[in-house]
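Q: First the structure, then my questions, so here it is.
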Ligand SMILES: [Fe+3]
């Protein structure tokens, strides 16, 4: 059942997508096995989004996921996907060269005691958007945990890019400035490196904007 | 300084001659975020509507994986944990094919699984079920689909287990599946159940999928054709990832 090459762009899907189910409380066994005490893999994705040897523009992103009662979600797992410092993705669909060794992907497990998680990475560059627009630098995030029936997509933007935020095509369609703020990290400290805090609120007064993409 | 030139990409980020954006996710086919029968979802469900946003490079691209990233035993849960001894339980071949919504096989898909042992116990610090751990079973595996979108794991059939939800809630036997397509927007985690299990219809997590036909997509089928005589039964679990619309050229928005 192949779609003929001259099919119009509005051809409906032939099959339904496999439905989602919660990742449950033991997601670490499968996705961060070293956190669960499994040592059988030679390599696993972790909190390093960019090659640690790349010292340029290094940053840390840290945060906590909170539920509707304000309690930290201690069994959350967060995935991150971002462009390199030039705004290029290591993917054939982008096709532009990326910085050597740049993978762009990270996977962080919340601390089972505190719920805090972090990524070590570099600042991404701006990425082309729809209709000739330029998207402000951002990191795409995906959150799963027990009680989350379908993974939650969101984006982290950086507080220094206010001028680019004004023209960012995604931020532009969030009319309420308080909701828009939920996608902008806060710069936490200077010193050896820069840390951006990005707390995610699944529900409640500060509910993060989640995306249907 | 940062090179912010869009390079040779068309302004939309979609390259001519390439497929278009992903089909919109049919949210009614997935479980709703809030499903009160599954009590943990009450405080862990967004209440504001999701923000729809057309696909850009950030959603169409995603991390790519290959078998070179993995070890040769990674898809063999019978042998990837202990150096000696074999796990207890019913040996199984768990396999299937990954298609997209256009019914095309999807090669290069990273599939990661995790599961309880035959007694229904997970090797996890937070699992306090009284059933025993199996010294020869870790409970995780991973593989990458071949050129026809096919994958397989060797494992043991997981046991059902009780969990704190209602008074006497049991999870049907299941294997957790994490699936990576080529785009971050395709990201999917689900669970595979086993044909004929009477606990499926009593499970509030399986039941969070409103449409019985959709729920049925999560039931692995007994597959005698691929069983290994005197060794293991085969279970077939096919997976459908979001597909992409056909190409829409920049200067010919009516289609190609
Ligand atoms: Fe489970």
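Q: Which number do you get for Rg(Cα) / (2.2 N^0.38 Å) in region A:24-201?
A: 1.04
Q: Could you give me the percent of Cα pairs per 10 Å distance bin for region B:16-104, shortest bin first, beginning at zero and ending with the bin that holds the maximum distance?
A: Answer for region B:16-104: a P(r) of 10, 23, 25, 31, 11, 1 percent.
Q: Neighbour counts of other C-beta atoms within 10 Å: give me B:143, B:190, A:11, B:247 arranged from fewest to most.
A: In order of increasing Cβ crowding within 10 Å: A:11, B:247, B:143, B:190.
Q: Now a separate question. Tell me, rounded to the nearest percent, the portion of alpha carbon pairs in region B:118-177 spaced more than 16 Å apart.
A: 54 percent
Q: If you average the C-alpha positions of region A:105-127 and of region A:184-213 separately, how far apart do those two centres end up, in angstrom?
A: Their Cα centres are 11 Å away from one another.
Q: For region B:62-240, what relative contact order do you get, as a whole percent, if you take Cα pairs closer than 8 Å and at least 6 residues apart?
A: That works out to 27 percent.
Q: So which residue, out of A:29, A:78, A:61, gets the largest mean-square fluctuation from a GNM of chain A using Cα contacts under 10 Å as springs?
A: Sorting by GNM fluctuation, first place goes to A:29.
Q: Shifting gears a bit: Hey, could you grab the Kirkwood Rh for region B:103-256? Inverse mean 1/r over distinct alpha carbon pairs, Å, one decimal.
A: The Cα-based Kirkwood calculation yields 17.6 Å.
Q: What whole number of Å gives the distance from the Cα centroid of region B:163-198 to the Cα centroid of region B:31-90?
A: One Cα centre to the other: 9 Å.
Q: Please pull out the direction-averaged projected area of region B:51-163, using the convex hull of its alpha-carbon atoms, in nm² to one decimal place.
A: Computing the convex hull of the Cα atoms and averaging its projections yields 10.1 nm².
Q: Could you list A:91, B:176 in order of exposure, starting from the residue whose Cβ has the fewest other Cβ atoms within 10 Å?
A: A:91, B:176
Q: Now, a different point. If you count, for every residue in A:33-44, the Cβ atoms of partner chains within 10 Å of its Cβ, what is the mean?
A: 6
Q: While we're looking at this one, here's another question. Which one, B:74, B:100, B:211, has the greatest fluctuation when you compute a Gaussian network model over chain B with C-alpha springs under 10 angstrom?
A: Comparing B:74, B:100, B:211 in the GNM, the peak value goes to B:211.
Q: Turning to a different aspect of this structure: Please identify, among B:50, B:218, B:77, the residue showing maximal mean-square fluctuation in a Gaussian network model of chain B using a 10 angstrom Cα cutoff.
A: It is B:50.
Q: When you look at the Cβ of every residue in A:81-91, what mean number of other chain Cβ atoms sits within 10 Å?
A: The per-residue average across the peptide is 5.
Q: Shielding of A:141-147 by partners, i.e. mean partner chain Cβ atoms within 10 Å per residue?
A: That average works out to 4.
Q: Using only Cα positions of the protein assembly as shown, each an equal point scatterer, no hydration layer, compute I(q)/I(0) via Debye at q = 0.07, 0.09 Å⁻¹ and quote the log10 values to two decimals.
A: Per q value, in the given order, log10 I(q)/I(0) is -0.35, -0.58.
Read the figures in this text as sums done on the coordinates, not as results from a lab. Keep in mind that what you see is a predicted model, and the values were worked out from it rather than measured. Cβ atoms come from the backbone with ideal geometry, glycine included; neighbour counts cover every protein chain shown.
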